[in-house]
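One structure below.
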Amino acid sequence: MEQESKYTVRSYNVSKLILCLLTIAALAVMINTNPVLSRYLFGLPVVLSGLLGIVGSVILYKGKNEPIDEKKIIAFIVNTAMVLLIIAIFISNTLY
C-alpha cells in the first residue's frame, strides 16, 4: 500500500501556482502597454511567488519523510529557486 504524500502534493500545487504567477509576470513584460501598470503587473506576481516559495518550502520540509517522487523533486526545485530569487531581490534592493 502506498503512503499518501499529502505534504508533497500540497507543495507541488503551490509550485504550480508559482509557475502560473511567473507566466503572468512574463506576459506583463511582453505586453508592456503602460509602464506604470506593467511595473505592478510584473512586481506583484514575482513577490507573491517568492512568498509562496517560502510557504512551499516549509510544507515540503514537513513532508521530508514522504517518499521521493517526481512531484517532490519538481516542488523542491521550483520552491527553492523562488526562495533564492526573493532573497536576491531583497538583498539587491537593500544594497542599492
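Quick notes
- Subset tally (residues that are hydrophobic (A, V, I, L, M, F, W, C) and over 13 Å from the mean Cα position of the chain (by Cα)) for the range 1-23: 2
- A count restricted to the range 1-26 and to residues that are without any contact (Cβ under 8 Å) to a residue 12 or more places away in the chain and either of a type in the set (A, V, I, L, M) or closer than 19 Å to ILE89 by Cα (or both) stands at 3.
- Yes/no for VAL46 being within 17 Å of LYS16 (Cβ to Cβ), open to solvent by less than 50 Å² (accessible area, probe 1.4 Å), modelled with pLDDT of 90 or more and hydrophobic (A, V, I, L, M, F, W, C): yes
- Selection status of LEU52, closer than 26 Å to ARG10 by Cβ, part of a helix (DSSP H, G or I), touching a residue at least 24 places away in the same chain (Cβ under 8 Å) and not β-branched (Val, Ile, Thr): yes
- Selection count where residues are open to solvent by 40 Å² or more (accessible area, probe 1.4 Å), in a helix (DSSP H, G or I) and of a type in the set (A, V, I, L, M), scope the range 55-96: 13
- Taken together, the criteria place VAL29 among residues that are part of a helix (DSSP H, G or I), open to solvent by 80 Å² or more (accessible area, probe 1.4 Å), free of Cβ contacts under 8 Å to residues at least 60 places away in the same chain and under 19 Å from ASN93 (Cβ atoms).
- Verdict on LYS16 being at pLDDT 95 or above and among the charged types (D, E, K, R): yes
The values are calculated or read from the model by the stated rules, or taken from the named source; none is laboratory data. On a predicted model such as this, the values are computed, not experimentally measured, just so you know. We place every Cβ from the backbone using ideal geometry, glycine too, and count neighbours over all the protein chains shown. Protein only, heavy atoms only, side chains kept; ligands, DNA and RNA dropped before computing areas. Shrake-Rupley method; radii C 1.70, N 1.55, O 1.52, S 1.80 Å.
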